[in-house]
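Structure, as structure tokens:
The values are calculated or read from the model by the stated rules, or taken from the named source; none is laboratory data. Remember, it's a predicted structure, so these values are computed and weren't measured experimentally. Here the Cβ is made from the backbone with ideal geometry for all residues, glycine too, and neighbour counts use every protein chain on show.
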Amino acid sequence: MKSPDFLPLSTPRLVLRRFSEEDLDSFLAYRNDPEVIRYEYWTGCTADEAADYIRRQQSQEAGVPEEWLQIAIALKATNQLIGDCGVRVQATDARQATISVALARAWHGRGFAVEALSCLFDYLFRQLALHRVVVDTDAENTAMQKLAVRLGMRQEGHLVQSLWFKGRWADEYFYAMLREEWLARNGPTEEGTP
């Protein structure tokens, strides 16, 4: 299910938007920070790779099954890139999606990831009426686990040594939220119906 471009979205402190060429230096910095990428699938990138990635994401269609749409997270006051979040709808059921998030280390611990993903969830559940959103994370990634819980997601699974990841077998935790759960936590739609 392809959807129209829904960006930008905004929160009190943030704008979720398409990447721009001006984001390159900030993007390179956090996408190459060993602490930020510790539990990510990537292992860093060159300036050319980052520029190509930004160009591709500028025109990536939203809602294309199995293709990640990475969304820039920027400070509303300055438009400074502080990270990105992603969404990928399932090929077998476009009413379900997986999300991701990565923030530059300087912006950790300030509630920005919760704010950004809450905004994204609100769009996915209210505007697109998705049924279910999931996140999978390395079992050692306690920050992502705490974030999932703060968003109201529930842990649904623990896969033991299910993923060969950066030279080791890793356990994975799966968290999920249903549309009805999001609406119960965050109020009805503007029209007053779930």
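So that you can scan it fast, the table gives a plain yes or no per residue for (1) surrounded by fewer than 18 Cβ atoms within 10 Å (Cβ to Cβ); (2) modelled with pLDDT of 95 or more; (3) out of contact with any Phe, Trp or Tyr (no Cβ under 9 Å at 6 or more places or on another chain):
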| position | (1), (2), (3) |
| --- | --- |
| Ile99 | no, yes, no |
| Ala106 | yes, yes, no |
| Arg110 | yes, yes, yes |
| Leu117 | no, yes, yes |
| Gln145 | no, yes, no |
| Gly152 | yes, yes, no |
| Glu191 | yes, no, yes |
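Of the residues making up the stretch 47-79, those that are of a type in the set (Val, Ile, Thr) and either within 21 Å of Thr137 (Cβ to Cβ) or modelled with pLDDT of 95 or more (or both) are Ile54, Ile71, Ile73, Thr78. There is no residue in the stretch 68-82 that is assigned to a helix (DSSP H, G or I) and in contact with a strand residue (DSSP E or B) (Cβ under 6 Å, 6 or more places away or on another chain).
The single condition among (1) part of a helix (DSSP H, G or I); (2) without any contact (Cβ under 8 Å) to a residue 12 or more places away in the chain that Leu28 does not meet is (2). Count of the stretch 33-67 residues, restricted to those that are over 20 Å from Lys166 (Cβ atoms), touching a residue at least 40 places away in the same chain (Cβ under 8 Å), assigned to a loop (DSSP other than H, G, I, E, B) and not hydrophobic (A, V, I, L, M, F, W, C), is 3.
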